[in-house]
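Working notes for the structure below.
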Amino acid sequence: MDLETLRQGSFGQLSQAITAWRGVADKLKALETDARDDLKAKADKANWAGANATVSRSFITKTAGEFSDAHTQAQSIHDILKDTHDELVSYKQKLEQALEHGRQKNLTVTQIPGGFTVTMLIHPDRAAKGHNVPDHSPQDAEHLRDDVERILNRATESDSTAATVLRALVDQAETGFSGAKYGDRDTAIDALRKAEEAAKLLKEKGDEMSPEEFQKLNGLLASYKNDPLFQEKFATQVGPKAMLEFWADLSSPDNPNELTRTLDRTQLNQLGEFQKNLGAVLGGATQSDSSAMRNWENDMVRLSGERYKTRGAEVYGYQIMSNLMRTGDYDGQFLTKYGNQLVATEEKMKIPGNYYQGMGQMMPKMNFIGDDDFGRDPMTGFMTALSNSPDAATQFFNTKEPQDNAQWVLKERPSFDDSPLKDGPNEALDATGKAMFAAVSGATGPDAPRSEFVEHTQEHKDAMKRSLQFLSETGNDFPAELRDDMAFAMGAHGDTVHKAMSDPLGTHGLPSDQLMEVSKQISRNKDAYAELTNQMHHAIVGDINTEKAHPEDSLDRAGRTIGFLEEARYQATNDQKDGDLTDASWKKAWAYHIVGGALTPWHPAGDAVQRGVDLITSAWLQDKQNEINDTATASHKETYESRNGELRALADLWYERNSQWAEDPAHEGYSKNHGIYSEIGASANDGNKKAEGIAGDQ
């Protein structure tokens, strides 16, 4: 910005723009509120079914989000313009003060091509007679020159960086609006400059950076990992190939560089924090809709299928990138493209573990978060990313073309040991279970805040059906790591599962044979069986609380479901065809920890369910403590008799909710001290027999 532009600037048009953007932001705020509190709130509560439920609710949710992003972007533009306006007005005032100070010393500043010059205002020889011209020294002229130059440089900086920031904000969304929020120009331009600094350090120095430079880079990533402009600028400046090559070199066990030697000796935990910060930055970057990031994502998907040389081996790009997905919120479309390509590649490999373990080469440890898995199995990191992005998980598990993703990861994929230094669950399977739960529930985990849980869409229901099918088809090869996750998944769809388990004809929603097989496999572990029972208690109590049209049906369903669960447990603990497949948990005393726990957050009946569940679960636990010996086996007769306390507690709860109906003379057989126990006991026996027939134990 030159001298006269700042000195003569009125900034009237900028003030008008600020006022206009203030109006836009206020109007969009009102629209955002209406969209969220009226349109979306009604859509969330609407009892829609079929395609309308999926299309309409999804459209309304997306539209409400667009209004929110539009308001955020308008507010950011207003705030940056206002901040810039206030700075320029301040610089103009400072310029006027500097020029006035110069005039008091007989100095003036004049614009010339390419800059300005400081001269005397009135030469002493030309002063009016009797007029004394103020004295000044050469230093006074230099100080005035420096002051004016500093003011003009800062005004230029304010003006040019405002333009840079505004363009960057708009570029965050190729279409629509960006949700990036900035209250002033300084914060935004600082993020862009720090991103360029971090990218330059990583790209130019790589694993040859000094420990001090590594500390600096890690500090920048940690400080700006949630900043949208930093995320996008850093990722695109580094580029996907350089990112993959950097992590391959850094992970190499025979890396001779000072950084790796230092980290190996004293600061290995910092490498884990660096991995977390880097993943958070890259994940956030994929949320940008800029054309540069779209290209980055497409290139990363393509490059991940290639192999990269470390000093001692070759690793797949999938192995590298998936380890950087363990943290961060990755964009769903990117995860879908990446996951589809990963599965397609693995299906061609047939036995991917052979390739990922290097065919005899010494493979590097590519994961430094925790001490468990080495990070050689890319499915671990990718499944972790899906569990953090439920919408993407749902889409992944429902994808059938060009290959069936759920069939591959739940049924066909051979697993391999990626944590040779410890015993315990397989990390890839453990992560797959969490991703499966996210896919069927729409939440990041069973302990997620209740606000995360959404009404199930048809896509969630489809993912549940497909997961149930493929896991049931694994039979006794059902992964132990997925038992608790499937128990939670069945709880997330508790109403549907409860009605299917208790359906006399087996025609409700989910196939009875698949439910029996999966319930049996879950029940091979005592804790998983306890969790499944707890989840179904929630569904049963919710049903009792909400069934008002035909209360007798909820009592019948309660008994039948309990019978079904008991038969599944019996089949699990007495199936000797392939040897004793129950694990050591059945040999330990019952110490059930769920009684009095938090409400399963996805149940529509709300907090009223928990009080009833605690009573039922306490009675069930008492039954179990008296039930079976340390071999976890019992006869059918013992199985039937062991559940009496649980059934009595359920019947008592049912009577408490429906006493007026039960005492109506028109409804015989539901008396408090006899009839209800007879009814639920008979229903439980029917449930046992139905389940026994399904299991083929005639």
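Observations, loosely collected:
- A simple count of charges around Glu273, restricted to other residues whose Cβ falls under 15 Å of its Cβ and scoring Lys, Arg +1 and Asp, Glu -1, yields +3.
- The Ala222 and Asp614 beta-carbon pair, evaluated with R₀ = 51 Å, returns a calculated FRET efficiency of approximately 0.75.
- With a simple spin-label model that places each label point 7 Å from the Cα along the Cα-to-Cβ direction, the separation between Arg167 and Thr345 comes to 3.5 nm.
- Extension gain for Ala292 to Val454 (0.36 nm times residue separation, less C-alpha to C-alpha distance): 55.0 nm.
- Computed packing ranks the peptides 133-139, 209-215, 325-331 as 325-331, 209-215, 133-139, most packed first, by mean other Cβ atoms within 10 Å.
- Shown is the FRET efficiency for His131 and Glu4, computed with R0 = 30 Å from the Cβ-Cβ distance and rounded to the nearest 0.05: 0.60.
- Cα-Cα over 20 Å, subset of Lys422/Lys520; Lys82/Lys225; Lys241/Lys309; Lys309/Lys337: Lys422/Lys520; Lys82/Lys225; Lys309/Lys337
- Integer Hz, Karplus 6.51/-1.76/1.60 couplings in order for segment 208-214, x for Gly and Pro: 8, 5, 6, x, 5, 5, 4
- Label separation (Ala666 vs Glu149): 9.9 nm, computed from points 7 Å beyond Cα along the C-beta direction.
Each reported figure results from applying straightforward, stated rules to the coordinates on display, with no laboratory input. What you see is a predicted model; the values in this text were computed from it and never measured. FYI the Cβ positions are ideal-geometry reconstructions off the backbone, even for glycines, and counts take in every protein chain you see.
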